[in-house]
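Here the structure is laid out as structure tokens; the discussion comes afterwards.
The values are calculated or read from the model by the stated rules, or taken from the named source; none is laboratory data. Treat the numbers as computed from the prediction; the structure is a model and nothing was measured. Backbone-built Cβ (ideal geometry, glycine too); neighbour counts: all protein chains shown.
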Ligand code: ADP
Ligand code: MG
């Protein structure tokens, strides 16, 4: 089974994906490393620009019928058996990305994306099975336990577990809202 773990940068995808793959005995795959290895990702500064259609094709060719956890904020665009979308209170997203040294603009883009559920919406457009998990205030172990419980129950779709409409005031200082 292919499990994709997606979410806004900083929500904990890599941490959770590694732990989840260990607990399940699945292979861990980073979208970024996989794309570079397959020659479908181009390093641009510190980031990697990935051809998403090629990514979806290559993932299917390489991992169909295998057990993998795919980590990355584009992983929800591949055809996965389950997409786990990690959510995190936008204020904590902002704090984590700030400590990663993100520019004001990149910080704003990502905090805004978390506020308005961008990755969740895209995941639902692309995949049948989407499990949304609120990671706020939880340890990686608690998050993985929650995911494993949903998988064991055979849950196909669980969305609507967070609502960040009340969080705008907490992150106003980070937002650009179309301006600069
Ligand atoms: P992503 O891969 O989504 O960008 P990371 O897994 O790299 O996120 O995590 C971002 C930062 O947050 C790292 O410093 C990581 O140690 C920390 N972190 C991840 N998950 C948690 C958690 N559940 N609680 C506290 N800190 C976490
Ligand atoms: Mg990561």
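May I ask you to verify whether residue 93 is within 16 Å of ligand 2 (Cβ to nearest atom), in contact (Cβ under 8 Å) with a residue 12 or more places away in the chain, part of a helix (DSSP H, G or I) and touching a helix residue (DSSP H, G or I) at 6+ places or on another chain (Cβ under 7 Å)?
On the way: within 16 Å of ligand 2 (Cβ to nearest atom): yes; in contact (Cβ under 8 Å) with a residue 12 or more places away in the chain: yes; part of a helix (DSSP H, G or I): yes; touching a helix residue (DSSP H, G or I) at 6+ places or on another chain (Cβ under 7 Å): yes.
Yes, satisfied.
Just a yes or no: is a residue in segment 32-46 within 16 Å of ligand 1 (Cβ to nearest atom), buried (at least 22 other Cβ atoms within 10 Å of the Cβ) and either free of Cβ contacts under 8 Å to residues at least 24 places away in the same chain or within 28 Å of residue 143 (Cα to Cα) (or both)? Checked segment 32-46: at least one residue is within 16 Å of ligand 1 (Cβ to nearest atom), buried (at least 22 other Cβ atoms within 10 Å of the Cβ) and either free of Cβ contacts under 8 Å to residues at least 24 places away in the same chain or within 28 Å of residue 143 (Cα to Cα) (or both). The one condition from (1) out of contact with any helix residue (DSSP H, G or I) (no Cβ under 9 Å at 6 or more places or on another chain); (2) over 18 Å from residue 20 (Cα atoms) that residue 127 does not meet is (1).
Can you confirm whether residue 54 is within 16 Å of ligand 2 (Cβ to nearest atom), under 20 Å from residue 126 (Cα atoms) and free of Cβ contacts under 8 Å to residues at least 24 places away in the same chain? In short, no. Only one of the listed residues (13, 18) is within 16 Å of ligand 2 (Cβ to nearest atom), touching a strand residue (DSSP E or B) at 6+ places or on another chain (Cβ under 8 Å), farther than 18 Å from residue 130 by Cβ and modelled with pLDDT of 95 or more. That residue is 18.
Taken as a whole, segment 52-75 holds at least one residue that is under 16 Å from the mean Cα position of the chain (by Cα), on the phi > 0 side of the Ramachandran plot and crowded, with 21+ Cβ neighbours inside 10 Å. Within segment 96-110, the set of residues being assigned to a loop (DSSP other than H, G, I, E, B) and within 16 Å of ligand 2 (Cβ to nearest atom) comprises 100, 101, 102. The single residue among 138, 156 that is over 17 Å from the mean Cα position of the chain (by Cα) and at negative phi turns out to be 156.
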